[in-house]
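The values are calculated or read from the model by the stated rules, or taken from the named source; none is laboratory data. None of the values given here were measured: they were computed from a predicted structure. Every residue, glycine among them, receives a Cβ derived from its backbone with ideal geometry; neighbour counts consider all protein chains shown. Just the protein is used for accessible areas: all its heavy atoms, side chains included, with ligands, DNA and RNA removed. Shrake-Rupley method; radii C 1.70, N 1.55, O 1.52, S 1.80 Å.
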Amino acid sequence: MAVDELDTRILRLLIEQPRTSVREYARILGVARGTVQARIERLERDGVITATGPVLSPAALGHPVLAFVHVEVTQGHLDEVGDALAAVPEIVEAFSITGGGDLLTRVVARDAGHLEDVIQRLIQLPGVVRTRTEIALRERVAHRLLPLVEAVGRRSGSA
């Protein structure tokens with residue numbers, strides 16, 4: 001789906017000012033409210049905008065430890081292990097991967113002991129062969145998409 005310059009400007013506003021009304025976005029952009037609303041609906045329908053709502057901090061929720069746990073799975077059991085991972089609340093993301101391991105999970109925990117408890121739960125899941133854990137020390141680049149949105153918008157403007 002092509003994201004043009006107006007889409008880019010709308011997405012920037014949605015990221016930077018998420019609590020602003022569509023009417024105010026239209027005023028800022030100098031376009032009709034209906035245009036902004038239609039663009040947002042199209043971006044949602046096309047899967048560019050996948051969610052709205054607050055971004056939560058696991059640390060503020062009492063889970064300041066972040067780890068990436070690689071999970072090796074018995075062949076043919078990837079779907080079952082993936083389903084089982086979804087039942088572990090401390091796993092905030094999980095991906096099938098190539099390379100060293102079959103799944104990569106992003107795990108949050110209250111402290112090192114709690115992280116060990118979570119890993120022990122993972123090891124006991126049917127189909128899990130072994131895990132390898134890497135603890136994040138400090139976030140260097142926060143999750144962000146605005147630079148990508150702007151790069152895509154620039155490319156579509158020069159096409």
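Laid out as a table, the results:
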{"item": "Segment 18-30 residues that are free of Cβ contacts under 8 Å to residues at least 12 places away in the same chain, paired with ones that are part of a loop (DSSP other than H, G, I, E, B) and open to solvent by 40 Å² or more (accessible area, probe 1.4 Å) (beta carbon under 7 Å, 6 or more apart)", "result": "Ala26/Ala32"}
{"item": "Matching residues, segment 7-26, being farther than 20 Å from Gly47 by Cβ, modelled with pLDDT under 95 and either in a helix (DSSP H, G or I) or of a type in the set (A, V, I, L, M, F, W, C) (or both)", "result": "Glu16"}
{"item": "Complete set of residues in segment 27-49 that are part of a loop (DSSP other than H, G, I, E, B), out of contact with any Lys or Arg (no Cβ under 9 Å at 6 or more places or on another chain) and closer than 26 Å to Arg106 by Cβ", "result": "Gly47, Ile49"}
{"item": "The lone exception for Thr52 - which of (1) buried (at least 17 other Cβ atoms within 10 Å of the Cβ); (2) assigned to a loop (DSSP other than H, G, I, E, B); (3) of a type outside the set (Phe, Trp, Tyr) it fails", "result": "(1)"}
{"item": "Residue pairs meeting the criteria (Cβ under 8 Å; at least 6 apart or on separate chains; first under 20 Å from Pro64 (Cβ atoms), in segment 83-110; second at pLDDT below 95 and open to solvent by less than 20 Å² (accessible area, probe 1.4 Å))", "result": "none"}
{"item": "Top-ranked residue of segment 23-49 - restricted to ones that are within 19 Å of Leu146 (Cα to Cα) and hydrophobic (A, V, I, L, M, F, W, C), ranked as surrounded by the most Cβ atoms within 10 Å (Cβ to Cβ)", "result": "Val36"}
{"item": "Residue check for Ala94: at pLDDT 95 or above and under 19 Å from the mean Cα position of the chain (by Cα)", "result": "yes"}
{"item": "Scope segment 97-149; condition among the acidic types (Asp, Glu) and within 22 Å of the chain's Cα centre (by Cα); matching residues", "result": "Asp102, Glu134, Glu139"}
